[in-house]
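J.: Below is a structure I'd like to ask you about.
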């Protein structure tokens, strides 16, 4: 079954950490310590394939995660595995009505944030009698976010757990007793030199008053490749966004003060290549399904080394290379750097990078309208007269869908399909702004 899953995922071979996790899961409880971006998700999803039972019609596996984005990412990966088992996720900000509808025909695998799962348990939305596997993903982050009480309550409601798996991207001195983990096998890839990223570090020196201008010059120089700009506060994210907007540099933003739909759309356009710059808080430093990032820019210094490592972990993932840039004032040096990296020289004359070759089509229908990727591909290739290579990543959400289309073709394609129907229904289709 695992071999078939790898074929579906178009993966030739597992990495050593994933192999070790699968082997350990056969023997008992597992604690998996591995850096962000190392492929932990497959390390805990693949072992499930041999334990799920088609004869059981209630939830069999519960996966607790600290963020809605991580829940959606894991759901996406499990669907791509093509196991035939139903999966759903529940998280704050998601429609309760949709979740209750999903739970009325329970999934085999349920993924959720602790607050929302606790809410469903209090209203008895699903049966816990057959949940035999509990996965606590990014457990260190969940504790940091203050989910201890909710997680403790949830675990007390699970009478039949036989297998625990806990993942963390940081070393943990003590595993709280409420997890119920017993004599675990610990797999530690945090200090594995073989998994050290191929990461170049550079610094940009500028006076604090000139920092915004320095950032603009830097992103003009590097942002023809996917670039994440990290700030400590959402106000800084908005300030940078205003500057880039005024200068005509396309980008998107991502922080906790945004509406969930806006956050999802920002990530989606970054994933599909429509935008190459994403300005964000540390919310995007862990657990998000975003593509290989070439550049990470620390506009503001992270508070500690751990945050610095997690931000940098968004680039040079797996076998890729990447560059991390620190914006520093003259004479400034973070305590967690033994020496200052090489200085990046900035251009005196800035040139706005060319637009990405991709743009995004918005389709006002999704999974709950029985629309799938095949429907969208058919519409855009046949009626929209696109060649296969002019159609990029397609993502189908609950009530909307998005497709990347070559920017040179998007106006014509949207014009051709705007009066067409999908599954017999006329649906609003437009360029996503």
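The values are calculated or read from the model by the stated rules, or taken from the named source; none is laboratory data. Only a predicted model underlies this, so the values are computations on that prediction, with no experimental measurement involved. Ideal geometry is used to build each Cβ from the backbone, glycine not excepted, and the neighbour counts take in all protein chains shown.
J.: Considering only residues of segment 145-172 that are in a helix (DSSP H, G or I) and free of Cβ contacts under 8 Å to residues at least 60 places away in the same chain, which is farthest from residue 306 (Cα to Cα)?
T.: Within segment 145-172, the match that is farthest from residue 306 (Cα to Cα) is 156.
J.: Separate question: Filter segment 67-89 down to residues that are touching a residue at least 60 places away in the same chain (Cβ under 8 Å), part of a helix (DSSP H, G or I) and more than 14 Å from the chain's Cα centre (by Cα), then give me how many there are.
T.: So the answer is 2.
J.: What is the one condition in (1) modelled with pLDDT of 85 or more; (2) surrounded by fewer than 22 Cβ atoms within 10 Å (Cβ to Cβ); (3) touching a strand residue (DSSP E or B) at 6+ places or on another chain (Cβ under 7 Å) that residue 263 does not satisfy?
T.: Condition (2) is where residue 263 drops out.
J.: From the list 50, 23, pick out the single residue that is without any contact (Cβ under 8 Å) to a residue 12 or more places away in the chain and more than 20 Å from residue 396 (Cβ to Cβ).
T.: Only one candidate qualifies: 23.
J.: Could you please let me know if residue 160 is exposed (fewer than 14 other Cβ atoms within 10 Å of the Cβ), within 30 Å of residue 23 (Cα to Cα), modelled with pLDDT of 90 or more and assigned by TED's automatic domain parsing to the domain that holds residue 65?
T.: yes
J.: Whether any residue in segment 37-48 is under 22 Å from residue 178 (Cα atoms) and in a helix (DSSP H, G or I) is what I want to check.
T.: Within segment 37-48 (the criterion being under 22 Å from residue 178 (Cα atoms) and in a helix (DSSP H, G or I)), the answer is yes, since at least one residue qualifies.
J.: Quick check on my filter: what residues within segment 390-433 are over 23 Å from residue 261 (Cβ atoms) and either assigned to a strand (DSSP E or B) or not assigned by TED's automatic domain parsing to the domain that holds residue 370 (or both)?
T.: Residues satisfying the conditions are 391, 406, 421.
J.: Of the conditions (1) surrounded by fewer than 21 Cβ atoms within 10 Å (Cβ to Cβ); (2) touching a residue at least 60 places away in the same chain (Cβ under 8 Å), residue 310 clears all except one; give me its number.
T.: Unmet condition: (1).
Residue-wise test of (1) surrounded by fewer than 18 Cβ atoms within 10 Å (Cβ to Cβ); (2) under 29 Å from the mean Cα position of the chain (by Cα).
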residue	(1), (2)
391	no, yes
396	no, yes
399	yes, yes
404	no, yes
407	yes, yes
411	yes, no
414	no, yes
425	yes, no
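J.: I need the full set of residues from segment 114-130 which are outside any loop (DSSP other than H, G, I, E, B) and free of Cβ contacts under 8 Å to residues at least 24 places away in the same chain, in order please.
T.: Residues satisfying the conditions are 119, 122.
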